[in-house]
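The structure appears right after this line, and notes come after that.
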Amino acid sequence: MALYRRLSEGHVCPLTADRMRLVFGAGNADAELMFVGEAPGAEEDRQGKPFVGRAGKLLDALLEEIGLQREDTFVANVLKCRPPGNRDPLPEEIEECSPWLFRQIELIEPLVICTLGNFATKLLTGGKIGITKVHGSPQRHELGGRSIQLYPIFHPAAALRTEAVRELLQADFARLPALLEEARNSDRIEGRDEVAAPELGPGLPKSEPGAAAGGGSGADADADLGAPADAEAQVAKPGRPDTETAAADRSQLDLFE
Ligand code: URA
């Protein structure tokens, strides 16, 4: 059964009762570049799509500045359901939801993941350092059985609130094309097919999401510029232009069939 169907049918979460729609994630299932935000906001909850409010508009504008479009990427969140009143995700919610994100990463096999704000950054790096200190510093991590370049950046919602943050976010975005090119080169050298059998994520068993938890670490969020939800757009899914068509087909099918 497709991952989306499994999630929409089998996701038992403390937030289900309060949210309108599940926000699975959207975009190119074979994307080289993935963005991971915090949680759906009001507009995302209404539309069932990630980043469809003001923060999403800014994300689109920043992508355009570096010659990319939303359709080139896959966008997901740590939580798939909106926390009431856009409050911060709770540790138990992150623990419940994160296996689905790890499974998405495993299927999409991105080369670079931009973690937007504190919650995504702390979850995927497994670290405790806030986004203000780590933004703009790429770090390699083993995720979904492969080595992936994580690139922590400020959450666009924080950039909407503070001009200085917007400038930092823009500067970090400007480094993305080079980072992607670097990741493509090392991917070519390492060979995508020679990686170990996929794991669901750090410390996660190889069972399906929902059957087991683990990996959550958003509990220690700084109150700094992590930034929650409230923003924007929709996505298509062209294919990665090169190689791995088998993997691409598998991802497309698993995610969207
Ligand atoms: N903020 C998020 O973290 N995610 C969304 O999908 C929208 C706003």
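All of the numbers you see were taken from the coordinates with simple rules; none came from a lab. The structure presented is a predicted model; accordingly, all values stated were derived computationally and were not measured. Positions of Cβ are backbone-derived with ideal geometry, glycine not excepted, and every protein chain shown enters the neighbour counts.
Observations on the structure shown:
- The number of residues in the stretch 29-80 that are touching a residue at least 60 places away in the same chain (Cβ under 8 Å), small (Gly, Ala, Ser) and near the ligand (Cβ under 10 Å from one of its atoms) comes to 7.
- Single match in Ala159, Ala183 (criterion: touching an Asp or Glu at 6+ places or on another chain (Cβ under 9 Å) and either within 16 Å of the ligand (Cβ to nearest atom) or of a type in the set (Asp, Glu) (or both)): Ala159
- Among the residues of the stretch 33-44, those that are of a type in the set (Asp, Glu) and either assigned to a strand (DSSP E or B) or surrounded by 24 or more Cβ atoms within 10 Å (Cβ to Cβ) (or both) comprise Glu38, Glu44.
- Test for Asp60: is it in contact with a Cys (Cβ under 9 Å, 6 or more places away or on another chain) and in a helix (DSSP H, G or I): no
- Checking the stated criteria, Phe74 turns out to be touching a strand residue (DSSP E or B) at 6+ places or on another chain (Cβ under 6 Å), of a type in the set (Phe, Trp, Tyr) and outside any loop (DSSP other than H, G, I, E, B).
- Boolean, Glu95 is away from the ligand (no atom under 13 Å from the Cβ), of a type outside the set (A, V, I, L, M) and part of a helix (DSSP H, G or I): yes
- Matching residues in the stretch 133-152 - criterion: being part of a strand (DSSP E or B), in contact (Cβ under 8 Å) with a residue 24 or more places away in the chain and touching a helix residue (DSSP H, G or I) at 6+ places or on another chain (Cβ under 9 Å): His141, Leu143, Arg146, Ser147, Ile148, Gln149, Leu150, Tyr151, Pro152
- Residue in the stretch 59-81 that is touching a Pro at 6+ places or on another chain (Cβ under 8 Å), buried (at least 24 other Cβ atoms within 10 Å of the Cβ) and acidic (Asp, Glu) present: no
- Candidate set from the stretch 124-156 (those that are among the aliphatic types (A, V, I, L, M) and closer than 24 Å to Asp60 by Cα); member that is farthest from the chain's Cα centre (by Cα): Val134
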